[in-house]
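The structure appears below as structure tokens.
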Amino acid sequence: MPKVMNNMNWMILALLAVTMTAVAQQPASAPQNQQPVAATQPERTAAQPSQTQSGQAQSNLAPPTTMNQVVDRVIMREKELTKFLSPRTPIVETYLQNLTQDPQLGPIPQDDHYFLGRMDLSESIDRSDYLQDKAKDEGMERRLLGGFTKKFKLQYQPLGFSWMVFVDRNDFDRQHYDFHYVRREFLGDVRCLVFDLTPTKDTGRGRFIGRIWVEDQDFNIVRLNGTYAHPSRNSYYFHMDSWRLNLIPGYWVPSYIYSEEGDFTAGARNKIAFKAQTRMWGYNLKTATPNDELTNITVDSVKDDTPAAQDATPLAAEREWQQQAEDNVVERLQRAGLLAPEGDVDKILQTVVNNLEITNNIELPRPVRTRVLTTSPLETFSVGNTIVVSRGLIDVLPDEGSLAMVLSHELAHIVLGHNLGSQYAFNDRMLFSDEATYQNLGFKHIPEEEAAADKKAIEMLKASPYAQKLETAGLFIKALQARAPQLSALLQAHLGNNITENGTVTRMAQLGASAPALDWNKLDQIAALPLGGRVKLNPWDDKVEIVKAQPVAITSARDKMPFEVTPFFPRLSRYSTANAPAATPTPTTTATTATADASATPSN
Ligand SMILES: [Zn+2]
């Protein structure tokens, strides 16, 4: 019993932090991130010697002394970024909600679209898709995007969103663009120079028009906000706000893009109205392989040392086989960039699973592990003793009780022995391209097992510390039910069972029936959260962590935005070993650590 209590305390603390931050990712907080900077500093301070953290060639260059020299440096750095990224094939995910006006709630989702692919940044910008039904459009899309024209049709060519990673992949220079210095401004901890960009006369279609933010040490672009000029007939360029993060020394990698179109003023006739989030990750996927192989060899040799190793009984052999399948799947999904490496979010999930197990006296031959799927669609599945929950689902859950609800269903499958995936113990079944993951792996239970898991899960919840917290979990089911018909793409599971069927919630639906009435106007009733409020995915190494943010009070029903897409406002900071992708377990204290403070100090 004391063990339970310890777990509980730790978890409540952890989850309280989660709950507090859940409402923080809302647009109301956004302007606070932009602190205007006193414009009294002489122009020259923009040109401090670059800190050695970049480790790049430009650290040998003399600091620019005029704005023209700064612009030259910006252009040079953008070309270096293009070159640096050209061998990489990051994952790009776009989730888009078409909007309709609700008199009470404002613009709400009408329907949605989901795109997932790998970007190829080598020659131009290209992509290949994970979702099969999208792949057939690709021939058409390639023809539409011949040469350097950047156009995409109203039926949302996913490649259109991928273009927004660069200002101009091929022609970012003074011949094609005019630069107008605006002011100096902080984005998060990073002091930036702000420029407005306009294409020069007669430079053709699809040139960027808008604003760029450039950090003032190495002059890398950290944010671009605008659109592309002069679309051709039957095409459309979207507005976009594109953010980069300093996740490795010297480079700011494209990470988030928010797009939005539509006009909801009286009398406006929207041809198009949507909000979309594009996320990129998996930049380091290709180069991670050699180390992985070495690690695997070490693990295997340790395993063989077990002194009790004798011939396996039939049951032991069956379990061993299932574990092999489980390990294969987990490793393969991680290699495809679809599963985050083990981390702190797993600890929170695992604590909730432990609480369910301990209070229900569940003893399993192997511990249950939890992992986070890096994608947005709301889904869960389990393979062997590993429970997998998607990033998007963790984002929208309102509290710990609803998290317990989600995990209890998968734990029930494990407890009931509904093991799927033993075919993946054969290694040939792991040999497929990353883009073909969804065609080669699947963990869908038959309806009878789904019903049995729900029943068992509710039993376990009622015997657990979450028994008193199931009202919010039920409200979540109700909110999901209210939005399910409009969110078929968000609710389309790609590996596990769907949570809804034909717009009706099927998973744990019983909890919804016993919940209080859903009331959008009750401001203290938070049934579901917007996407992106809880889990932060590192675009470089795919690690996930819990978002740290100050809570922002909800002041109207429109602030709730359940399951909705919102703008991005990441708090920018310079690369340092503190926020580095923690690839090395032992912290290295080299002199190359970025000195964020120095950038904020006028150097005269
Ligand atoms: Zn299930």
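Some notes on this structure:
- Karplus-based coupling profile of region 331-336, in residue order and whole Hz: 5, 5, 5, 5, 5, 7, with θ = phi - 60° in 6.51 cos²θ - 1.76 cosθ + 1.60 and x standing for Gly or Pro.
- Considering only alpha-carbon pairs that sit under 8 angstrom and 6 or more positions apart, the relative contact order computed for region 343-475 is 29 percent.
- Candidate residues Glu326, Glu261: accessible-area rank, largest first, probe 1.4 Å: Glu261, Glu326
- Anisotropy class of region 345-444 from Cα gyration tensor, a/c 1.5 cut: oblate
- Distance in nm between pseudo-label sites at Ala312 and Leu364 (7 Å out along the Cβ direction from Cα): 1.7 nm
- A simple spin-label model places the labels of Gln423 and Gln110 4.1 nm from each other, with each point 7 Å out along Cα-to-Cβ.
- The HN-Hα couplings worked out from phi for region 493-508 by the Karplus form 6.51 cos²θ - 1.76 cosθ + 1.60 (θ = phi - 60°) are 6, 9, 10, x, 6, 5, 7, 10, 10, 6, x, 10, 5, 10, 5, 6 Hz, whole numbers, x standing for Gly and Pro.
- Each residue of region 365-375 is assigned a 3J(HN,Hα), and the resulting list reads x, 10, x, 7, 10, 10, 9, 10, 6, 7, 9 Hz, derived from the Karplus form 6.51 cos²θ - 1.76 cosθ + 1.60 (θ = phi - 60°), x at Gly and Pro.
- Charge context of Leu81, other residues only, Cβ under 14 angstrom, K/R +1, D/E -1: +3
- Shape analysis of region 482-563 places it in the oblate category; the axes a ≥ b ≥ c from the Cα gyration tensor give an a/c of at least 1.5, with a/b not above b/c.
- Centroid-to-centroid separation of region 328-370 and region 510-568 [C-alpha atoms, Å]: 23 Å
- In this view, the solvent-accessible surface of Phe166, computed with a 1.4 Å probe and all protein chains in place, comes to about 0 Å².
- Amide H contacts of Leu247: Val253, each under 5 Å away and 5 or more positions distant or on a separate chain (H built 1.01 Å from N in the peptide plane; Pro and chain starts excluded).
- With all protein chains modelled, accessible area of Met76 [1.4 Å, Å²]: 60 Å²
- Cut-off 10 Å between beta-carbons: net charge of the residues surrounding Phe274, Lys and Arg +1, Asp and Glu -1: -3
- Taking all protein chains together and rolling a 1.4 Å probe, Phe569 ends up with roughly 60 Å² accessible.
- Computed on protein heavy atoms with a 1.4 Å probe, the accessible areas place His413, His230, His113 in the order His230, His113, His413, largest first.
- Calculated FRET value between Lys455 and Asp178, using beta carbons and R₀ = 45 Å, to 0.05: 0.10
- Computed label-point distance, nm, for sites Ser128 and Thr198 using a 7 Å Cα→Cβ extension: 4.3 nm
- Solvent-accessible ranking of Tyr251, Tyr236, largest area first, probe 1.4 Å: Tyr236, Tyr251
- With K and R counted +1 and D and E -1, the other residues having a Cβ less than 12 Å from that of Tyr258 yield a net charge of 0.
The values are calculated or read from the model by the stated rules, or taken from the named source; none is laboratory data. These numbers come from a predicted model, not from an experiment. All Cβ positions, even for glycine, are placed from backbone atoms using ideal geometry, and neighbour counts span all protein chains on display. Note: areas computed on protein heavy atoms with side chains; ligands, DNA, RNA excluded. Shrake-Rupley method; radii C 1.70, N 1.55, O 1.52, S 1.80 Å.
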